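K.L.:
Next up is a structure, given as structure tokens.
The values are calculated or read from the model by the stated rules, or taken from the named source; none is laboratory data. Small disclaimer: the values here were computed from a predicted structure and weren't measured. Don't worry about glycine lacking a Cβ; one is built from the backbone with ideal geometry, like all the others, and counts go over all protein chains shown.
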Amino acid sequence: MTKKGSDAIIERFRHITENPPEYAKSLQAKGQLLAGYMCTHVPEEILYAAGIVPVRILSSHVSQAMTRSYMHETYCSFSHDCAYQGLAHNYDFLDLIVTSSSCIHMGEAFNVWVRFAGFQDKSFLIPYPHIIQTKPAAGFMVASFGEFKQFIEKFVKKSVTDEDLERAIRVYNHTRRLLKRLWEFLRSDNPPITGPEVATVTLASQVMDKQECNQMLEQLVQSLEAKPGKGPSGVRLMVTGGACDDLGIFDLIEHLNDRASLIFIDSCTATRYFWFEVPEGKPDKLQALAEGYISRIPCPAKDNVPGTGEKKRFRFIQQFIEDFKPDGVVFLYQRFCSPQPMDVVALKPILDKLGIPSTELELDTTVPVTQFRTQLEALVEIITRVVPLE
Amino acid sequence: MGSTWSVLAPLKGLGEDVYIIGGEPHAASMAGTFPQESREDISAAESAGLGFHSCSYLKLFVGEVVRDKIAIPDGTIKEGYPKPDLIWTTHLCSQHSKWYQEVSRRLGGIPMYPIDMIGGGNAEKDPKIVNYVCDQIEEGIGWLERVTGREFSNELFIKAARNEIKCLVLWGNICALNRHAPAPLDERRLIALFPPAMVDRTTDETVRIYEALFEEVKHMVETGQTVAPDQRFRIVYFGIAHTYGHPEMARILRDAGAEIVASVYTFGTAGNFRGIVNGKWSWDPLDPAWVDELDLSTRRKAITELVKIVLGWPTWQGVRSYWALESMARAMITEYKADGLLLAPSRSCETDFRNGYVGMQRIFKGEIPTVEYDSDQVDVRKMDLPGAQRKTELFVHLMEAHKTRSA
């Protein structure tokens, strides 16, 4: 049966997440320049302003046998999988590969592309501060973004004007607002869209041309606003952690023995990707970009306020808990990830104080469905026993 | 308290009564002095919620905080973890500043100042990076004054800065003497001799130690002396100092007349060299007299020279730059006339000590006998000792065969 309305749009987004290279190639066939990027700290606006569509490199969820002789086995499966995409030549058609200095694991995935997958002469690493909440960090970012802009200008053989940048900033901010609106549907107890569907759309937006993405998002939001809810939420679960593009996990959360609903994901493949805006209309566009990117929900690899050592992300998480009212939290992170477990250990006491039960799931190349199901059902059982649902 | 990968001299601007507990040296010396206690510290940290795959230095260190006791290399264990006045540290890898966030949290919120040393190949020659790190240190000095209520002394700082630079340069010179055949020092002696440069390199006393050592090792070279007379095979080693915790590994090499004569860990963590010159790495030492002539007349000038020297450390250069790491290995093999390259990535260290080496084995195996096995800096559970021993024996055979073929 052909899907209609919001379901048809969601289906189109899902199709894109299932085969990002196919979507990217369709853009290239229309003459579009494409740049792969490996971390969401890349200021995509600079690429977009130059007429290049940024395409996030995501996993293929296949065996890591090929990457083991290029990257140590104790690097996370997401970084292995992204390295695999280069070694398997799944993205040879890209015009560029770029990343920003972020976590060491993803840095190595980028290195594999540059050293061993033929991208040596078409790559750029943007030096990006690791401690972002400082005055010197902002200045450094402006200088660094400036060098990146120069590289891109040389690549496309034209200058990127302030008008180009302002236009790109506005297009990207529009995407961010629409995605935010989509997630906000999940605050309701009877939303017209499910958490896994919102996660799918958010993931698709990371590999899409934002103009096309915005058109689809506008239609989707409009259609959802007129749509009745899909039924009352079950146990409301919030996910917090690292990169996860395995949408099957989110579907699993909504298909447990007891009814549970995914209502929020704090990760760089979900809300951390877009939950910020770049100031518009500022005279210095690179300064505006720096301000915008500093205001993001921090990645755990970059979250350390000098003077106190505070983790600023925790403030966001507590705000999200207040706004989205989860009954439980799922810590979902990549096995071997370094910064995430260091945050979990400090975040648990905060959740305990709030009386919110939690569980930890460690991700690998493939998902151990039965184990995860058992853990999630145990969490839901704990929640329903302690706080009986009406 | 904090990382000894930091620029340390600013702490000495607060006075001569500032004492430092450095994370990695403390954890390493504990593992060597109290192996059983160290295991319990690591287990305690894991029971308290730290990940199995996290850095074992970090876990050993946090484990002591969890158990509320501290071990001291003189052989005593004191009950009650000493609360530091402040934490001054760096962001080296994705765990490093998290390490001290956790310590600060567990000790009730110790003020901490992490410095983003956004290193990687040639960083000390990039004014953008140098200024960025200098600006953070300038702000950090203001923070030190606010937190301690003490006035910062430029005079004390500048003196400490010159000492810090001098120690790093002297250590580079001492290491460079191992180019001679026979190499005067082996890896175990280098490991034993570099802690003063790691723990506190800002004092006159430390400078005197390394000046005396430099003279002594020079004399060894002049008279053909060495601590390891049988050096049939000269090895270049990339990895953390696991032979410290596993003397049996060093013994296999020694029994075969093979010695580690150069390593990025002992050379590069506390030593400075010429670094990238015309696009290629050079392990040539810097002239110690150059340090005496450095213009450190103002706070900013002293900060700038310090930042350049610390960003120039080989280990900083290699952490985030595969090409610098490769260039270092290539230069070390040539300059130290190596017969083999031994790579030992540490399972719980995510920096160059783990991943860069996997790629390096792929690159170097066609050029020189190369073996790679996993190790861990202080967590003995993660070391496949029998496997590593077999690979080390194989490595010796490879070098033997290579030598026979070349003869």
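K.L.:
Return yes or no: is B:Asp85 more than 12 Å from chain A (Cβ to nearest Cβ), surrounded by fewer than 16 Cβ atoms within 10 Å (Cβ to Cβ), out of contact with any helix residue (DSSP H, G or I) (no Cβ under 8 Å at 6 or more places or on another chain) and outside any helix (DSSP H, G or I)? Spell out how you get there, then give the answer.
P.N.:
Values: more than 12 Å from chain A (Cβ to nearest Cβ): yes; surrounded by fewer than 16 Cβ atoms within 10 Å (Cβ to Cβ): yes; out of contact with any helix residue (DSSP H, G or I) (no Cβ under 8 Å at 6 or more places or on another chain): no; outside any helix (DSSP H, G or I): yes.
So B:Asp85 fails the test.
K.L.:
Among the residues of segment B:59-79, are any within 12 Å of another protein chain (Cβ to nearest Cβ), surrounded by 23 or more Cβ atoms within 10 Å (Cβ to Cβ), in contact (Cβ under 8 Å) with a residue 60 or more places away in the chain and more than 19 Å from the chain's Cα centre (by Cα)?
P.N.:
no
K.L.:
For a quick check of your reading of the model, give me the residue pairs whose first member lies in segment A:134-149 and is within 7 Å of chain B (Cβ to nearest Cβ), whose second is in a helix (DSSP H, G or I) and crowded, with 23+ Cβ neighbours inside 10 Å, with beta-carbon atoms closer than 6 Å and at least 6 apart or on different chains.
P.N.:
Qualifying pairs under 6 Å: A:Pro136/B:Tyr132; A:Pro136/B:Gln136; A:Phe140/B:Tyr132.
K.L.:
If you check A:Ile126 against the conditions, is it facing another protein chain (nearest Cβ under 10 Å) and in contact with a strand residue (DSSP E or B) (Cβ under 6 Å, 6 or more places away or on another chain)?
P.N.:
Details: facing another protein chain (nearest Cβ under 10 Å): no; in contact with a strand residue (DSSP E or B) (Cβ under 6 Å, 6 or more places away or on another chain): yes.
No; evaluated as a whole, the condition is false for this residue.
K.L.:
Just need a number here: residues in segment A:299-311 that are of a type in the set (A, V, I, L, M, F, W, C) and modelled with pLDDT under 95.
P.N.:
2
K.L.:
Considering only segment A:195-248, state which residues are in contact with a helix residue (DSSP H, G or I) (Cβ under 8 Å, 6 or more places away or on another chain) and among the hydroxyl-bearing types (Ser, Thr, Tyr).
P.N.:
Result: A:Thr200, A:Thr202, A:Ser205, A:Ser223, A:Thr240.
K.L.:
So which of B:Val358, B:Val371 ends up being without any contact (Cβ under 8 Å) to a residue 24 or more places away in the chain and either among the β-branched types (Val, Ile, Thr) or buried (at least 22 other Cβ atoms within 10 Å of the Cβ) (or both)?
P.N.:
B:Val358
K.L.:
Determine which member of the set A:Glu11, A:Glu73 is of a type in the set (D, E, K, R), without any contact (Cβ under 8 Å) to a residue 12 or more places away in the chain and within 14 Å of another protein chain (Cβ to nearest Cβ).
P.N.:
A:Glu73
K.L.:
In segment A:155-173, which residues are in a helix (DSSP H, G or I) and in contact with a helix residue (DSSP H, G or I) (Cβ under 6 Å, 6 or more places away or on another chain)?
P.N.:
Scanning segment A:155-173 gives A:Asp162, A:Asp164, A:Leu165, A:Ala168, A:Ile169, A:Val171, A:Tyr172.
K.L.:
Show me the helices (runs of 4 or more DSSP H) entirely contained within segment A:222-341 in which 1 or more residues are within 14 Å of chain B (Cβ to nearest Cβ), on the phi < 0 side of the Ramachandran plot and buried (at least 24 other Cβ atoms within 10 Å of the Cβ).
P.N.:
Filter on segment A:222-341 gives A:285-294.
K.L.:
Taking the condition part of a loop (DSSP other than H, G, I, E, B) and under 15 Å from B:Leu177 (Cα atoms), does B:Ala228 pass?
P.N.:
Taking the combined requirement at face value, the residue satisfies it.
K.L.:
Shifting gears a bit: Which members of segment A:360-377 meet the condition of being closer than 18 Å to A:Ala270 by Cβ and more than 12 Å from every other protein chain (Cβ to nearest Cβ)?
P.N.:
Residues satisfying the conditions are A:Leu361, A:Leu363, A:Val367, A:Phe372, A:Leu376.
K.L.:
Determine if segment B:272-283 includes at least one residue that is assigned to a loop (DSSP other than H, G, I, E, B), at negative phi and either at pLDDT below 90 or in contact with a Pro (Cβ under 9 Å, 6 or more places away or on another chain) (or both).
P.N.:
Looking for residues that are assigned to a loop (DSSP other than H, G, I, E, B), at negative phi and either at pLDDT below 90 or in contact with a Pro (Cβ under 9 Å, 6 or more places away or on another chain) (or both), one finds at least one in segment B:272-283, hence yes.
K.L.:
Separate question: Could you please find all residues in segment B:94-127 being touching a Ser or Thr at 6+ places or on another chain (Cβ under 9 Å), over 22 Å from B:Leu325 (Cα atoms) and at the interface with another protein chain (Cβ under 7 Å from one of its Cβ atoms)?
P.N.:
Answer for segment B:94-127, where residues must be touching a Ser or Thr at 6+ places or on another chain (Cβ under 9 Å), over 22 Å from B:Leu325 (Cα atoms) and at the interface with another protein chain (Cβ under 7 Å from one of its Cβ atoms): B:Ser97, B:Lys98, B:Tyr100, B:Ser104, B:Pro111, B:Met112, B:Tyr113, B:Pro114.
K.L.:
Filter segment B:382-394 down to residues that are touching a residue at least 24 places away in the same chain (Cβ under 8 Å) and part of a helix (DSSP H, G or I) and give me whichever is farthest from B:Lys337 (Cα to Cα).
P.N.:
Checking each candidate, the answer is B:Lys382.
Matching residues to (1) modelled with pLDDT of 95 or more; (2) charged (D, E, K, R); (3) touching a helix residue (DSSP H, G or I) at 6+ places or on another chain (Cβ under 6 Å):
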residue: A:Ala290; (1), (2), (3): yes, no, yes
residue: A:Ile297; (1), (2), (3): yes, no, yes
residue: A:Arg313; (1), (2), (3): yes, yes, no
residue: A:Phe324; (1), (2), (3): yes, no, yes
residue: A:Gly328; (1), (2), (3): yes, no, yes
residue: A:Phe331; (1), (2), (3): yes, no, yes
residue: A:Pro339; (1), (2), (3): no, no, yes
residue: A:Val344; (1), (2), (3): yes, no, no
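K.L.:
Right, another one. Name the residue, out of A:Glu153, A:Glu184, A:Glu197, A:Glu163, that is buried (at least 22 other Cβ atoms within 10 Å of the Cβ) and acidic (Asp, Glu).
P.N.:
A:Glu197
K.L.:
Against the conditions (1) under 30 Å from B:Trp323 (Cβ atoms); (2) within 12 Å of chain A (Cβ to nearest Cβ); (3) surrounded by fewer than 20 Cβ atoms within 10 Å (Cβ to Cβ); (4) not hydroxyl-bearing (Ser, Thr, Tyr), where does B:Glu139 fall short? Just the number, please.
P.N.:
B:Glu139 satisfies every listed condition except (1).
K.L.:
Moving to a separate point now. Among the residues of segment A:45-61, is there at least one that is among the polar types (S, T, N, Q), in a helix (DSSP H, G or I) and over 27 Å from A:Asp162 (Cα atoms)?
P.N.:
Checked segment A:45-61: no residue is among the polar types (S, T, N, Q), in a helix (DSSP H, G or I) and over 27 Å from A:Asp162 (Cα atoms).
K.L.:
Quick check: anything in segment B:395-403 basic (Lys, Arg) and free of Cβ contacts under 8 Å to residues at least 12 places away in the same chain?
P.N.:
Applying the first criterion (basic (Lys, Arg)) to segment B:395-403 yields B:403.
Next, only the ones that are free of Cβ contacts under 8 Å to residues at least 12 places away in the same chain stay: none.
Scanning segment B:395-403 turns up no residue that is basic (Lys, Arg) and free of Cβ contacts under 8 Å to residues at least 12 places away in the same chain.
K.L.:
Looking at this structure, is B:Tyr113 assigned to a helix (DSSP H, G or I) and in contact with a strand residue (DSSP E or B) (Cβ under 8 Å, 6 or more places away or on another chain)?
P.N.:
Criteria not met by B:Tyr113.
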